[in-house]
Each structure stands twice: as structure tokens, then as C-alpha cells.
Amino acid sequence: MTRIRFSFTRGEALKHISHLDMMRLIQRALRRSGLPLVYSEGYNPHLRFNLALPLPVNVTASEEYGEVILSDSVTPDQFMVAFGEQLPAGLDLTGAWIEDDYSAPALPSTVGAALYRATLVAEEGCRVDPVHYRQALDNLLSKEEILAPKTKKKKKKKVFVNVKPYIYEAYFNEPEKERPLELNMLLQTGSRGGVSPFFVIEQLEKELTVECNYKAHWELHRERLYQDQDQFLQPLSEGM
Amino acid sequence: MVLAFPDLYEVGMSNQGLKILYESVNNRPGMLMERAFAPGMDMEELMRAYDQPLFALESGKPLAEFDLIGFSLQYELSYTNVLNMLDLAGIPLYADQRGESDPLVVGGGPCAFNPEPLAPFFDFFVLGESEECLPELLAGLDRLKREAPDRKELLARLSAWEGIYVPSLYQPAYKEKRFSAIERTDSRAPAVISKRLVRDLDRAPYPTAPIVPYLQAIHDRAVVELFRGCSRGCRFCQAGYIFRPVRRRSRDKLVETAKQQIAETGYEELSLASLSSTDYPELEELINELDRSLYGEQVKCNLPSLRLDSYSIKLADRLHRGKRSNLTFAPEAATERLRRVIRKNISEAEIFSALNDAIDAGWQGFKLYFMIGLPTETEEDVEAIVDLCRRLRQYFRHKSSRKIGISVSVSTFVPKAHTPFQWEPQLSLPEVTGRQEILQKGFKKMPGIDLSWHDAETSFLEAVFARGDRLLAPALEKAWRLGCRFDGWSEHFSMPRWRQAFRETGIEPEDYALRRFGYDDLLPWDHLHCGVDKAVLIREHQKAFNIDKPEQGEAQ
């Protein structure tokens, strides 16, 4: 058995694909690759395969991770070629390596935080004044609590959760000419709770004090995933 | 060219015909087929707001820039979408308004066997199977375009080709708003158009590496087509008539195609498709060979059309892996008499014994399809549906300690062109509603049986267009202008809008759906030959009402 981990990027061409569609498409690419795949036993055999963290619809990414178990030994190079050529345009394999530690926890359980970059893209002829946005972000972060609705599965009652502690960092890029406004967000994710980058942006826009009639929209990109080790964030890539 | 499918992407990408045509054109050098689908209502709104013309998916090029737009006509209730797509593409709706630089608009598929309600919107139709015809057409169109001085002449020359119907060359006449005659306006056009037919399926184009959609299509799997046509000859079934005769793919070809498709797509499911798949000779051997050649690939095979007999159950069981949930069957009618009228020849004893086998094999429940409003049906026949299910339920209770779920799905009979029931009226709306109430009342007292039924008005509209003529075209346009789209989708269907469209264009829809045609009446589709002579249809029609005489043999 070989446990292979791989990293990949997602570009504009595939950013509208949902997580389930991504899972299906990667599994089908693996099935086409001719690699020696391992299926679970039982009635509905499925691939021993994982993605580190679901990528939301409309978000591109530069460093995502997945892992798959193979029955025979395969070198990372062989894997890169066989799997890489089955991936559609918009998904690029950037690395593959063997995880020797067989007891290493499954990828999804290792992710603790993610870094997002949201770019404010204004339509032609429309100028965005960054000052309003910087002010709005200050307002938002100075709040004691930021409540997010959460629907519990069993009870249909709406519950509110304070997601303020999940926003580890949020800051705009330094003003630069000809460079659009970029909001960087380091957000907690995973089983201990998390907050969606879309929610943070939504809250930010609510804090805009000036009526902004900008024709502008946000484009989201996930830069990096982090693992949470003893309350110390480390890029996922470093542990691998 | 563009193949335009007048429904959502996830519906269109489930259609095997589309994939076959895509292959047949794109595997030929110098030819190109792209796809276009009907945008959802929200998307349409945005497209109109941003002046975004309808485009082909592959290149993003507007439809209007292509030579040929081919509409796949699977279902009468997609007609408003056809008009909407033409409009979104900026192509004039009516064929006679299109100029030399506009694309030619062609229609094909089952509904092309009675395309009269759509006739003014189309330049021509392909009658029958298009996978050989389309590449020929694209190859020949180039030359025709050079030689013919204008569009009109081009169409006139095209009309002489086998399977091509150019409606503008046929002038219908009406008596008291009823279709009475049709006359050719150009001697090159044939009096009767014969259908295109693929003789040898093994040599016909078939996809080996179909497109795998990112989102989940309704049918998201590899498909091999075992045979085309059906030998059963159910009298209500249009597919059973227009796809005759039965032509099979060889076992070798099927195994080879299945292997290629699985290797090229990574699909985890393979469908052995046909109108009645268990009629494939040596089906067990085929399944064995597929098992051998797909060994280790973790591919689930399935048979989409199960007959209610022990052999089918055995096969379904053989193919099945995992939890045995539900099996689906279509007895169509609940009394033996009525089943003989429609020529769905299974006895009640067979139904019981087949379901008995299925329970023994561990299946958890059944879905049963019935139809109401069939010719000669009485309220007793409808009550018999309730009664049959009650007896099945009792039987299962005695037999098994498990809870056996039964769900019953009831549709309304729609008389279709080119079937022995093409002369028959549809049951009137109040009567259909009355019979649906009988079912609702009957099943109310039966917990564990889940009843669902088709909307009566939707089936009514389907019947209007299934046997319609060209007088319906203005009503169709009106309905589309009033906002009708996706009429087959219950959340979008609006009968009041359709009623208004009929009223404003002076159409009595009842006169289409509820009309009983006579053998002497010329039918609006009589100049289109489906491969079965009218005399045969008449004989079958008569036999339906003389069911005491023994049936002889199978349909050819």
C-alpha cells in the first residue's frame, strides 16, 4: 500500500465547481489514470481518497491538498504523470509525495485554518475609494461579537454563534497605485468551528458608512492551508 | 453546427441521442458540432439584461454565427423553449423571415414525426435516426450552398434527400378549422417522406469517449445501447413504432464499447440501455463477458427497463451489488383485459410470481407505473389499480416479515402520432381528475403505499401538440410571448397562460386533444412515414377492441 499526497491549484476555468463535483471529477480522473487504486470493502466500494478542505464555489486556489491510497508502490513522478494528464484544464497538479507514516491522521482532520485573499474588482470607469473599506474593516474588527446564524441539523431553530474569535487576521494590502484593494483573511476552519470568507465580506459591507454605488465585486482566492499544532499555525506544506 | 437541446444542461447531457450525434459529427474531419442548452429562467433574465446572445458551450460563439442549428425534439412540452432559444440567439423565429446569412434551423428526434405545430419555425426536419444523416448533410451542405442561388432553392434541392422534410414546400388546407389536405408546392419534394434508418448499428458511430459533465447530470453514467426498436408492440408506445425494426448491436461490439467508455470516462456505472433491455438475446452471456472484461474496475451495471417476469428479476439480481432497495416496473394497467387492449401482455399470475421472486431475493420495495385514460378504460379499471396494490400488499404481509414499500406512479395516457392509438381521444380533463380522485381515495386507506400522479393539464397540453397541426403555431408563439417556458416542469407550467394564448389565437385545444379521428381522415402527419404502414396501425387499432381473438406472434 502506498499513501500518496498531492497538491494542486484551481484556476478560473473550474472555480464554479462545487465540492461534490470536485470530489467526483478527481475520483474519475484517478479511475482513468490506470493507477492501482484501492477500494473500500463492502456494499458500495469507494476510493480511499480525501481532499484536505472543501473549496467553496467561486474560489480559486493556489495550494490545495489531497491524498489517495494505492495498492502497489508508485513513485511520485509516476503519479504526477498518470494522474496529472487526466486532470482537466483549470486543475493543475503541483506536487506529489509519499506519506510514509502510516498512522498519520487523514488530511481533513489536520487542517485548522485557511488564508484567503479577496480582491475588489471594479467595473471599468468606476473608481473605488479604499478609505471607506478600511474604515468598515476597522469598525467590524472593533466589535465585541460578530454573530453568524447557524442552523442546527435536528432543531430547526436558528442559533447564533460568535465567529469573531475565528477571524485570526483580516487586513487590507498597503495602498499602491494601479493595484486593486485586497483583503487578506486568515480564518479558522475545521471541526472546532469556523467562519466562511463570504460571511466576513458580507459583514464588512454592512459596515460601510458611505453609500457606495460602486459597480464592483469581490473575487476570492485561497492562498494556503494551515495546520494547527499546539495553537501554533503552520502551513500545511511544511509538515509534508 | 450547433446541436441545441431545449431543456436544461443536466437533462440534455443525459440524452444518449445527443452523445451519439456529437460523436457522429465530431469524429469526421472538417466537421464540427457544438452544444447549446436552454438557460434556466434566472439565467435567461441575466442574458437579456446584459444583451448576451445564446452561445455554444464549446467556443462561446453566438449561435447565429453557425451554418446550422439542430434542435433535438424529444418532448412536446419543450416547444416553448425552442422558440425561446431561437429568440435568445437573435435568430428570426419564423423560417420565412430568415435571410441568407441566418443559420438553417433543423429539427430531429421523436417529435419530428409530427412536427406540424413547429413547422413554420423550422427550415427543415430530419425524419428518423440522424447519426448517419447529419454528417452527410454537413458534407453536402457546402456544395449545395455554392450551387444553389438562394436559401429557397437550397431547401428545395435538399427536400429530395432521403428523410428530409422541408415544411415550406407543403401547403396544408383546412375545412372548418380542421386539417383536411396537404399539397406539395415543389415537385422535387416527395409526396411522402420516408424516415432515415441505421441498418447496421455495429458500424454506426457510437461514443467511446463521451463528455463527462462536471455537474451531476440526471443520468450520470456510461451507456451502451443494446438494440434499437422494440419487439413488444405496446399500442400506446410511440418509441415502439417509430424505431422499428429491431436492430441489435453484437456482443463483441458492446463489450468493446463498454470497455472504452469506462477507460475514457472513469464512470462507475454502466447502463445497458434499450427500450426493453431484457429482450436482448443472450443477455446473460453479455453480462458475463462484461463482468470479465471490467473486472477490478468497480463498475456497477444496470438494466433500465425491467419487464415483470422472473427472468428479468433474476438478471436484475445478478447485476445488483449493495443494498437491494427498490425495483421499478410498468404494468401500465391493472386488469388483464386492459393490458390486452394495450398489448402489454402479462398476466396477473406473472406479476405475482415475479414480485414474489424479487422479495425472495431481498428487494425492499417496488415502484409500479400505471396509466389512466387508456382507450376502453372504465372506472372499474382504475379501481382495479387500488385493488391490485391492496392484494399485493396483503400478499407481501403474509410472505415477509420485512416491510415492503410500494410506490405507485400514475400518468395520463397521451395519444401519439404513428401509434395504433393515434385516432383515439384523450380522456377529458374532468374525467382524468375524477379518476385521479378514485386513486387518491382508494390509497388513502392504505398506509405504506405511496401514490404520485402526473398533472392532468400537462398531459392535456402534451396531447394537443402530439397530434397538432400548423394552426397551433401562432398559439405556441403567443404562449411563449406570455412567458411560458419549461412547460414540462411543474414549477414553471402555467395552464392559465396557455388558456389565454389559445383564446387569443382562436384555438380550441379540446378539439385537438379530445378529438377522435376516423380512418378516412387525413392526419396532419400522414405525409411522414414512420416505417409502419397505416394499414398495420389500423389493424392493430382494431385488434385492441377485439381482444378475445388470440394474438399472433410478435411485432416484426
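Within the range A:197-221, the set of residues being in a loop (DSSP other than H, G, I, E, B) and in contact with a strand residue (DSSP E or B) (Cβ under 8 Å, 6 or more places away or on another chain) comprises A:TYR214, A:LYS215.
Scanning the range B:247-270 for residues that are of a type in the set (S, T, N, Q) and either surrounded by fewer than 19 Cβ atoms within 10 Å (Cβ to Cβ) or touching a Gly at 6+ places or on another chain (Cβ under 9 Å) (or both) turns up B:SER250, B:GLN260.
Just for the range A:3-28: of the residues that are part of a loop (DSSP other than H, G, I, E, B) and either buried (at least 19 other Cβ atoms within 10 Å of the Cβ) or among the polar types (S, T, N, Q) (or both), which one is nearest to the other protein chains (Cβ to nearest Cβ)? Step through it out loud before you land on a result.
Of all residues in the range A:3-28, those part of a loop (DSSP other than H, G, I, E, B) come to A:11, A:15-18.
Filter once more, so that each one left must be either buried (at least 19 other Cβ atoms within 10 Å of the Cβ) or among the polar types (S, T, N, Q) (or both): A:17-18.
Details: A:ILE17: 5, A:SER18: 8 Å.
If we take residues in the range A:3-28 being part of a loop (DSSP other than H, G, I, E, B) and either buried (at least 19 other Cβ atoms within 10 Å of the Cβ) or among the polar types (S, T, N, Q) (or both), then A:ILE17 is nearest to the other protein chains (Cβ to nearest Cβ).
Residues of the range A:29-64 that are surrounded by 18 or more Cβ atoms within 10 Å (Cβ to Cβ), within 10 Å of chain B (Cβ to nearest Cβ) and touching a residue at least 40 places away in the same chain (Cβ under 8 Å): A:ALA29, A:LEU30, A:ARG32, A:SER33. When the range B:211-220 is filtered for residues that are in contact (Cβ under 8 Å) with a residue 60 or more places away in the chain and either on the phi > 0 side of the Ramachandran plot or within 12 Å of chain A (Cβ to nearest Cβ) (or both), the ones remaining, listed by number, are B:ILE211, B:PRO213, B:LEU215, B:GLN216, B:ALA217, B:ASP220. Selection over the range B:230-246 of residues that are under 12 Å from B:LEU201 (Cβ atoms) and either buried (at least 18 other Cβ atoms within 10 Å of the Cβ) or among the hydroxyl-bearing types (Ser, Thr, Tyr) (or both) gives a count of 2. From the list A:ALA114, A:ALA82, A:ALA89, the lone residue that is touching a residue at least 12 places away in the same chain (Cβ under 8 Å), away from chain B (no Cβ under 14 Å) and not acidic (Asp, Glu) is A:ALA114.
If a residue must be within 30 Å of B:LEU169 (Cα to Cα) and in a loop (DSSP other than H, G, I, E, B), how many such residues does the range B:185-209 contain?
Within the range B:185-209, the first condition is being within 30 Å of B:LEU169 (Cα to Cα), and the residues that meet it are B:185-199.
Still in the running and in a loop (DSSP other than H, G, I, E, B): B:185-192, B:195, B:197-199.
Residues in the range B:185-209 being within 30 Å of B:LEU169 (Cα to Cα) and in a loop (DSSP other than H, G, I, E, B): 12 in total.
Summed over the range B:110-127, residues that are buried (at least 24 other Cβ atoms within 10 Å of the Cβ) and either part of a loop (DSSP other than H, G, I, E, B) or out of contact with any helix residue (DSSP H, G or I) (no Cβ under 7 Å at 6 or more places or on another chain) (or both) total 5.
Rundown of residues vs (1) farther than 24 Å from B:TYR241 by Cα; (2) part of a loop (DSSP other than H, G, I, E, B), yes/no style:
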{"position": "B:GLU383", "(1), (2)": "yes, no"}
{"position": "B:GLN394", "(1), (2)": "yes, no"}
{"position": "B:SER401", "(1), (2)": "yes, yes"}
{"position": "B:SER407", "(1), (2)": "yes, no"}
{"position": "B:SER411", "(1), (2)": "no, no"}
{"position": "B:PRO430", "(1), (2)": "yes, no"}
{"position": "B:PRO447", "(1), (2)": "yes, yes"}
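Count of the range B:229-284 residues, restricted to those that are under 21 Å from the mean Cα position of the chain (by Cα), in a loop (DSSP other than H, G, I, E, B) and of a type in the set (S, T, N, Q), is 3.
Results for (1) crowded, with 20+ Cβ neighbours inside 10 Å; (2) not in a loop (DSSP other than H, G, I, E, B), shown as yes or no for each residue.
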position	(1), (2)
B:SER459	yes, yes
B:ALA473	yes, yes
B:CYS484	yes, no
B:HIS492	no, no
B:TRP498	yes, yes
B:TYR519	no, no
B:ASP526	no, no
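Is it the case that some residue within the range B:219-227 is modelled with pLDDT of 95 or more, farther than 28 Å from B:GLU462 by Cβ and part of a strand (DSSP E or B)? Yes; the residues of the range B:219-227 include at least one that is modelled with pLDDT of 95 or more, farther than 28 Å from B:GLU462 by Cβ and part of a strand (DSSP E or B).
Residues of the range B:337-351 include at least one that is in a helix (DSSP H, G or I) and free of Cβ contacts under 8 Å to residues at least 40 places away in the same chain. Would you check if there is a residue in the range A:65-77 being within 14 Å of another protein chain (Cβ to nearest Cβ), of a type in the set (Ser, Thr, Tyr) and more than 18 Å from A:LEU220 (Cβ to Cβ)? Yes, the conditions are met somewhere in the range A:65-77. Of the residues making up the range A:92-111, those that are surrounded by 20 or more Cβ atoms within 10 Å (Cβ to Cβ) and either under 24 Å from A:ARG32 (Cβ atoms) or without any contact (Cβ under 8 Å) to a residue 40 or more places away in the chain (or both) number 2.
Can you tell me which residue is farthest from A:GLY90 (Cα to Cα) among those in the range B:230-243 that are at pLDDT 95 or above and of a type outside the set (A, V, I, L, M, F, W, C)? Within the range B:230-243, the match that is farthest from A:GLY90 (Cα to Cα) is B:ARG235.
The values are calculated or read from the model by the stated rules, or taken from the named source; none is laboratory data. Every value quoted in this text rests on a predicted model; they were computed, and no experiment measured them. A quick note on method: Cβ atoms are made from the backbone with ideal geometry, for glycine too, and the neighbour counts reach across all protein chains shown.
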